[in-house]
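Peer 1: Structure provided below as structure tokens; questions to follow.
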Amino acid sequence: MEKITQCPVCEKEDCLVEIHEDIRVEIRGETIHETMNGYRCKICDSEFEPPGEDYLDRAYRKYRNIKNWHQPEALINLREVILGLSQKEFGDLLGMDEQLIRIYENGGLQSYTHELLFNLLKLYPSSIETARRMFECFKEKE
């Protein structure tokens, strides 16, 4: 953990105490145990995590591991390396907004349905585009 000497709230020096608090994070009905590593100010009593520490990100990663879901880095790899697509192209292919792709790649927790699409696309890269073309054909006939 990065050593910090100044409180970002009251801006006083040498008033911080390290804390390591066991917490429970509820994610979609499941309890994930995580440790918050941070500081408590002895003067203003505020608590905060230093840059680079994020217990919620660690909890999301644990949840993805339990579910065997893609981590953000794996989604980026799928999009960039395997498919060679931009975030916008990837979103268009999956029927998702580019901003949602960005959220998932930055650590936001994907939905169950979107994780199924990512798995389908990883296993059968051409399957989504084929389905999209079929949908467009049916749509044109209506």
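The values are calculated or read from the model by the stated rules, or taken from the named source; none is laboratory data. Here the structure is a predicted model, which means the values were calculated and not measured. Virtual Cβ from ideal backbone geometry, glycine too; neighbours counted across all protein chains shown.
Peer 1: Residue by residue through segment 1-37, note down the ones that are assigned to a loop (DSSP other than H, G, I, E, B) and under 17 Å from Lys67 (Cα atoms).
Peer 2: Arg28, Gly29
Peer 1: Right, another one. Filter segment 25-58 down to residues that are modelled with pLDDT under 95 and touching a His at 6+ places or on another chain (Cβ under 9 Å) and give me whichever is farthest from Pro72 (Cα to Cα).
Peer 2: Out of the qualifying residues, it is Gly38.
Peer 1: State all residues of segment 2-41 that are among the basic types (Lys, Arg) and surrounded by 13 or more Cβ atoms within 10 Å (Cβ to Cβ); if no residue qualifies, say none.
Peer 2: Scanning segment 2-41 gives Lys12, Arg40.
Peer 1: Ok, one more. From the set of residues in segment 1-12 that are at pLDDT below 95 and among the charged types (D, E, K, R), which is farthest from the chain's Cα centre (by Cα)?
Peer 2: Once the filter is applied, the top-ranked residue is Lys3.
Peer 1: Hey, among Lys88, Lys122, which residue is surrounded by fewer than 17 Cβ atoms within 10 Å (Cβ to Cβ) and either closer than 30 Å to Glu11 by Cα or in contact with an Asp or Glu (Cβ under 8 Å, 6 or more places away or on another chain) (or both)?
Peer 2: Lys88
Peer 1: Considering only helices (runs of 4 or more DSSP H) fully contained in segment 58-134, which possess at least 3 residues that are in the same structural domain as Val25 (by TED's automatic domain parsing), free of Cβ contacts under 8 Å to residues at least 12 places away in the same chain and within 30 Å of Ile23 (Cα to Cα)?
Peer 2: none
Peer 1: State which residue pairs qualify: first residue in contact (Cβ under 8 Å) with a residue 24 or more places away in the chain and inside segment 10-24, second residue surrounded by 10 or more Cβ atoms within 10 Å (Cβ to Cβ) and of a type in the set (S, T, N, Q) in any location, beta carbons under 8 Å apart, and separation of 6 or more residues or different chains.
Peer 2: From residues that are in contact (Cβ under 8 Å) with a residue 24 or more places away in the chain, the pairs are Cys10/Ser46; Lys12/Gln6; Leu16/Thr5; Leu16/Gln6; Ile19/Asn37; Ile23/Thr35.
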